[in-house]
1. All but one of (1) open to solvent by 30 Å² or more (accessible area, probe 1.4 Å); (2) over 23 Å from A:Arg98 (Cα atoms); (3) small (Gly, Ala, Ser); (4) out of contact with any Lys or Arg (no Cβ under 7 Å at 6 or more places or on another chain) hold for B:Gly10; which doesn't?
2. Pairs under 6 Å by beta carbon, first residue away from chain A (no Cβ under 14 Å) and over 20 Å from A:Gln42 (Cα atoms) in the stretch B:19-43, partner in a loop (DSSP other than H, G, I, E, B) and among the polar types (S, T, N, Q), six or more apart or different chains?
3. Inspect all residues belonging to the stretch A:75-90 and state whether any of them is touching a strand residue (DSSP E or B) at 6+ places or on another chain (Cβ under 6 Å), touching a residue at least 12 places away in the same chain (Cβ under 8 Å) and under 23 Å from B:Cys92 (Cβ atoms).
4. Output the residues belonging to the stretch B:74-116 that are part of a loop (DSSP other than H, G, I, E, B), modelled with pLDDT of 95 or more and open to solvent by 70 Å² or more (accessible area, probe 1.4 Å).
5. Take the residues in the stretch B:23-52 that are of a type in the set (Gly, Ala, Ser) and closer than 23 Å to A:Thr112 by Cβ, then tell me which one is surrounded by the fewest Cβ atoms within 10 Å (Cβ to Cβ).
6. Would you confirm whether or not the stretch B:77-87 contains a residue that is within 14 Å of chain A (Cβ to nearest Cβ) and at negative phi?
7. Determine whether B:Asp55 is assigned to a loop (DSSP other than H, G, I, E, B) and either in contact with a helix residue (DSSP H, G or I) (Cβ under 8 Å, 6 or more places away or on another chain) or surrounded by 13 or more Cβ atoms within 10 Å (Cβ to Cβ) (or both).
8. Given the criterion within 9 Å of chain A (Cβ to nearest Cβ), over 21 Å from B:Ile116 (Cα atoms) and among the aliphatic types (A, V, I, L, M), identify the matching residue among B:Ala71, B:Ala93.
Amino acid sequence: GAVVSQHPSRVICKSGTSVKIECRSLDFQATTMFWYRQFPKQSLMLMATSNEGSKATYEQGVEKDKFLINHASLTLSTLTVTSAHPEDSSFYICSATREGRLSQPQHFGDGTRLSIL
Amino acid sequence: AQKITQTQPGMFVQEKEAVTLDCTYDTSDQSYGLFWYKQPSSGEMIFLIYQGSYDEQNATEGRYSLNFQKARKSANLVISASQLGDSAMYFCAMREVSIIQGAQKLVFGQGTRLTINP
């Protein structure tokens, strides 16, 4: 079964709306979660690393004020797309890893398809 | 900076045949991990197989095996006896050991779209 849950799976909303996406690790504690963005027919692009109890680490070129990340507990990270515009339309997907060995894979949520009208 | 290269944008294979998906990587680290993920059209990322840089044997997982050639920095995925359900995007990814605790980021290749024909 799924070890990472992501909600909602799909969002369609008007320009200017803020959208919150949740990512939960279901059966393990995750001090670190990751948020990716994927454009059609392209690879996953890491947006930020979400750290429990501290500020997220954003990748170069990602607007911190546009993409707010909160990791308030060991099982939940949220991504809020603030004042979303059509160019923010994309597939957003989160992942989490059981801490420890390098061999531990990142487990992904099912992703969120965001469409801004 | 690390880099993952998948040179095959698309592959077409007949059902029941074996298929090899190429992946080369570039890193200056001695300790790293290589992963393959499958992404069906529905979008979820499914972990397939892992190879550690210090692993002496090639990883295998059911119909999936990894042809790891460390000197050539390649980690090709081999799918044996392909099935229609194998049609999907396949991504190669590398994770480095980081001095920053918990920040073991994955870097993905461009992906290969595999189509299995009946």
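1. (4)
2. Between residues of the stretch B:19-43 that are away from chain A (no Cβ under 14 Å) and over 20 Å from A:Gln42 (Cα atoms) and residues that are in a loop (DSSP other than H, G, I, E, B) and among the polar types (S, T, N, Q), the close pairs are B:Val19/B:Ser82.
3. So far as the stretch A:75-90 goes, yes, one or more of its residues are touching a strand residue (DSSP E or B) at 6+ places or on another chain (Cβ under 6 Å), touching a residue at least 12 places away in the same chain (Cβ under 8 Å) and under 23 Å from B:Cys92 (Cβ atoms).
4. Passing the criteria: B:Gln83, B:Gln110.
5. Of everything passing the filter in the stretch B:23-52, B:Ser41 is surrounded by the fewest Cβ atoms within 10 Å (Cβ to Cβ).
6. Quick first cut of the stretch B:77-87, residues within 14 Å of chain A (Cβ to nearest Cβ) only: none.
Within the stretch B:77-87 (the criterion being within 14 Å of chain A (Cβ to nearest Cβ) and at negative phi), the answer is no, since none of the residues qualifies.
7. Numbers: assigned to a loop (DSSP other than H, G, I, E, B): yes; either in contact with a helix residue (DSSP H, G or I) (Cβ under 8 Å, 6 or more places away or on another chain) or surrounded by 13 or more Cβ atoms within 10 Å (Cβ to Cβ) (or both): yes.
Yes.
8. B:Ala93
The values are calculated or read from the model by the stated rules, or taken from the named source; none is laboratory data. Treat the numbers as computed from the prediction; the structure is a model and nothing was measured. Positions of Cβ are generated from backbone atoms using ideal geometry, with glycine treated the same way; all protein chains shown enter the neighbour counts. When the accessible area is computed, the model is the full protein with side chains, heavy atoms only, and any ligands, DNA or RNA have been set aside. Shrake-Rupley method; radii C 1.70, N 1.55, O 1.52, S 1.80 Å.
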